Structure formats: structure tokens, C-alpha cells
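Student: The following block contains the structure, expressed as C-alpha cells.
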Amino acid sequence: MPEDIIFTFFVVFAGAAILATLALYTRQPLIIAYIGLGVLVGPFGMSWIEHPEALSHMSHIGIIFLLFLLGLDMQPMALLAVLRQATSVALLSSVVFAASGFAIAYAFGFSTMDSLVIAAAMVFSSTIIALKLLPTTVLHHKHMGELMIGLLLIQDILAIVTLIVLGFLSGDQDIPLWQPLLAMPLLALGCYAAVRWLLLPLITRFDRFQEYLFILAIGWCLAVAEAAAKLGLTYEIGAFVAGVALATSPVAQFIALSLKPLRDFFLVMFFFALGAGLDLNLLSEVVVPAMVLAIAALVIKPVTLRYMLASFSERPSLAWDVGFRLGQISEFSLLIAFVASDSGLISQSASLTIQATAIITFAVSSYIVVFNYPNPIAVRDHLRRD
């Protein structure tokens with residue numbers, strides 16, 4: 001039976017306000033408060049929210065807006081330049097991450113298929129955690145912000161390929177494997193043409209009407225996201241391409257500032273739904289392998305990225321910074337676990353292991369960044385950057 005949406009929003013946002021206040025007083029990352037609230041009142045806690053699936057679907061919009069805003073801060077030429085370096089680092093590091101994940105999972109007695117999917121889940125870093133904790137007005141215009149986005153973009157492409165392969169293995173995928181790889185440049189060219197000959201003339205003519213610009217930006221973002229999904233890509237990549245295409249607009253920064261509250265609204269729901277979906281009854285069965293996988297991700301990812309980036313003449317301090325910001329597994333890992341489990345390719349314990357590993361790395365990685373590197377929600381004043 002559907003739950004009262006007003007009561008659901010009351011529980012999520014009133015509860016988030018209370019726990020966020022406690023988190024700030026005790027100098028904890030706000031993300032932990034949102035996840036903890038989901039665990040506390042979700043179906044495996046006090047059951048105040050018994051069906052968080054609807055919130056999970058809605059919260060996906062927050063990820064889309066997050067990628068769109070990041071695209072607005074990226075100049076196309078700068079992105080192309082950094083992708084040359086990011087591609088090599090992302091591909092080489094992915095081999096290291098996957099190998100470590102497979103070895104650990106297999107050592108704990110998971111089947112070969114379970115171990116392969118866990119290995120794939122270990123490859124990706126969280127776009128939400130990494131970019132939510134990245135200062136938008138300071139670092140996006142510097143090399144580190146561009147490099148992080150380049151690495152995450154390559155990982156997103158690898159995640160798409162992984163999801164397509166899982167679809168083929170389960171018999172649910174009806175698009176050819178090459179289609180998403182061809183769709184990316186076609187989508188970029190289509191967005192460039194639409195911005196140049198449609199959006200920019202409209203913005204120039206009606207730039208005095210702020211409400212119109214706000215609606216136009218949301219419509220553009222969601223239109224390109226939907227087009228990307230139809231082409232076999234993801235909504236997130238479509239939103240990012242939409243943002244990059246619009247980054248040269250004179251109102252790009254106005255749009256970015258206008259959409260930030262909307263983005264944060266949906267991201268609170270994302271982290272709440274993540275906590276609410278954690279089955280505490282089965283957690284004891286997978287806590288040890290999840291802890292080992294989490295420790296491996298939190299150690300191996302920063303070290304690997306530090307030395308690989310240093311081999312490309314990056315400063316050690318910048319390389320460590322990027323490594324620790326990407327030192328977790330991803331929301332794509334959760335999606336891979338869901339798809340593989342739903343199609344019967346992996347066991348329930350393997351799926352729960354990936355979920356538990358994701359939440360552990362989300363939490364610990366957030367602590368590391370919040371207490372040591374510049375970020376928008378730092379509890380120390382000298383580290384706080386909007």
C-alpha cells in the first residue's frame with residue numbers, strides 16, 4: 001500500500017534536520033546523518049518508512065542535477081585535454097581495483113561469478129561522494145577538479161559497459177554492445193548544435209526573465225538525460241554532456257546557483273534511501289568480507305591513484321588529494337549489484353556484501369575528506385570551501 005507522501009517527507013526532512021544538527025555539534029559529516037536516518041526509520045529499523053523504493057527513484061534526479069551542475073563548470077576544451085591523461089590512469093587503476101576485489105571475494109568462498117561482479121563493483125568511485133565534497137567555486141576551475149571529473153567520466157563509461165554485459169549474460173539486454181560507445185560522440189555533437197542554434201539565441205533574447213532561464217535549464221538537462229538513456233547511455237552522462245554543452249553560456253553560473261537547492265533536496269533523499277535499503281538482518285552474514293573489501297578500497301585506491309598520477313608528473317599532494325576523494329566504491333556498484341542479483345547472476349549474500357561495502361566506504365571516505373581536505377561541509381572553518 002503506498003505510504004502518505006507528506007508523512008514520508010516529514011520523516012525524511014525533519015529527521016534529517018535533527019540528525020544533521022547533532023552531526024554538526026559533534027563534528028560529523030552530514031552524509032552520515034542522512035544514511036543513519038535511513039537505517040533508523042527504514043523497513044529494517046523502526047519501519048516508519050516501509051517502502052523507500054519510491055524515494056530511491058525520486059532521489060535519482062538529484063544525481064542527474066549534480067552531474068549537470070558539474071558540466072556547467074567544465075569548459076569543453078579543458079575537459080578534452082584532461083581526458084587524455086585520465087583515460088590511461090582510469091583504465092590501469094581499474095585493473096588493480098578489480099584484481100584486488102576478485103582475490104578477496106574468492107578467498108572468502110564466493111563463487112566465480114559472485115567474485116567477478118564484486119570485482120567490477122570495486123572498480124568505480126562514487127560520483128556523488130567525490131563531487132558533493134568538491135568545492136564548486138574553487139576547485140572546478142583548477143586542474144584537480146578537471147582531473148577528478150575526467151577519471152569519473154571514464155569510470156562511468158566502464159560502468160555502462162559492465163551493465164550492458166550483465167544484461168547480455170542475463171538475457172535482458174536487447175541493444176548491441178557497440179551502441180553506447182557510438183552514442184557518446186553523437187550525443188555531444190547534437191548538444192553542441194542545439195546549444196549554438198537554439199538555446200543560446202533563446203537565452204540572449206529572454207535573459208531578463210530568470211524564471212524562464214530556470215525552467216529552460218531544467219528542461220534542457222532532463223531532455224538530454226532522457227536522450228542519453230534512449231541511446232544506451234545513462235541519465236547521468238546525458239546530464240553531464242548537457243551541462244558541458246551549456247558551459248560557454250553567459251548565464252551558466254546563474255543556472256548553477258539556481259539549481260543547487262534543488263540538487264541538495266534530492267541528494268538528501270538519495271542517502272536516506274541508501275540507508276533504508278540496508279537489510280540489517282542479513283548484515284551479520286557478510287560483515288567480515290564487507291569490512292575487508294572496504295579496507296582494501298580505502299587503502300588501495302588512494303595509493304594506486306597517488307603513484308599512477310605521480311607517474312604523469314602530478315604533484316604528490318594533488319595525487320593524494322584525488323586518491324582519497326575517490327577512495328570509495330560507487331552508486332554504480334550498487335546498481336551493478338541490483339541488476340546482477342535481480343537477474344539471478346549472483347547470490348543475495350554477494351549483493352549485500354557490495355551494499356555493505358559501499359556504505360562503509362561512503363562513511364569512512366567522507367570522514368577522511370571532511371576532516372583533511374577543503375570541502376563545502378567541513379566542520380573546521382579553515383577547510384570549508386563552498
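Student: Name the residue, out of Ala239, Ala247, Ala252, that is touching a residue at least 12 places away in the same chain (Cβ under 8 Å), under 19 Å from Leu131 (Cβ atoms) and crowded, with 22+ Cβ neighbours inside 10 Å.
Tutor: Exactly one residue qualifies, and that residue is Ala239.
Student: When you go through (1) free of Cβ contacts under 8 Å to residues at least 24 places away in the same chain; (2) closer than 14 Å to Leu69 by Cα one by one for Leu198, which number turns out not to apply?
Tutor: Of everything listed in (1) free of Cβ contacts under 8 Å to residues at least 24 places away in the same chain; (2) closer than 14 Å to Leu69 by Cα, Leu198 misses just condition (2).
Student: Failed condition for Leu274, given (1) buried (at least 21 other Cβ atoms within 10 Å of the Cβ); (2) within 27 Å of Leu186 (Cβ to Cβ), with all others met?
Tutor: Among (1) buried (at least 21 other Cβ atoms within 10 Å of the Cβ); (2) within 27 Å of Leu186 (Cβ to Cβ), the lone unmet condition for Leu274 is (2).
Student: For Ile118, indicate whether it is β-branched (Val, Ile, Thr), within 11 Å of Ile354 (Cβ to Cβ), touching a helix residue (DSSP H, G or I) at 6+ places or on another chain (Cβ under 9 Å) and buried (at least 24 other Cβ atoms within 10 Å of the Cβ).
Tutor: yes
Student: Out of everything in region 96-110 that is in a helix (DSSP H, G or I) and without any contact (Cβ under 8 Å) to a residue 40 or more places away in the chain, what residue ends up being surrounded by the fewest Cβ atoms within 10 Å (Cβ to Cβ)?
Tutor: Out of the qualifying residues, it is Ala107.
Student: Working carefully through the options Met144, Met148, Met113, Met122, find the one that is in a helix (DSSP H, G or I), at pLDDT below 75 and hydrophobic (A, V, I, L, M, F, W, C).
Tutor: After applying the criteria, what remains is Met144.
Student: To continue, here is another question. Go through the residues of region 300-314 one by one and say whether even a single one is over 15 Å from Ala98 (Cα atoms), touching a helix residue (DSSP H, G or I) at 6+ places or on another chain (Cβ under 7 Å), crowded, with 21+ Cβ neighbours inside 10 Å and charged (D, E, K, R).
Tutor: no
Student: Is it the case that some residue within region 43-60 is within 19 Å of Arg263 (Cβ to Cβ), exposed (fewer than 12 other Cβ atoms within 10 Å of the Cβ) and under 21 Å from the mean Cα position of the chain (by Cα)?
Tutor: Looking for residues that are within 19 Å of Arg263 (Cβ to Cβ), exposed (fewer than 12 other Cβ atoms within 10 Å of the Cβ) and under 21 Å from the mean Cα position of the chain (by Cα), one finds at least one in region 43-60, hence yes.
Student: Which condition number in (1) buried (at least 20 other Cβ atoms within 10 Å of the Cβ); (2) in contact (Cβ under 8 Å) with a residue 60 or more places away in the chain; (3) of a type in the set (A, V, I, L, M, F, W, C) is the one that Ala319 fails?
Tutor: Unmet condition: (2).
The values are calculated or read from the model by the stated rules, or taken from the named source; none is laboratory data. Everything numeric in this text was worked out from a predicted model, so none of it was measured. So basically every Cβ, Gly included, is an ideal-geometry build from the backbone, and we count neighbours across all protein chains shown.
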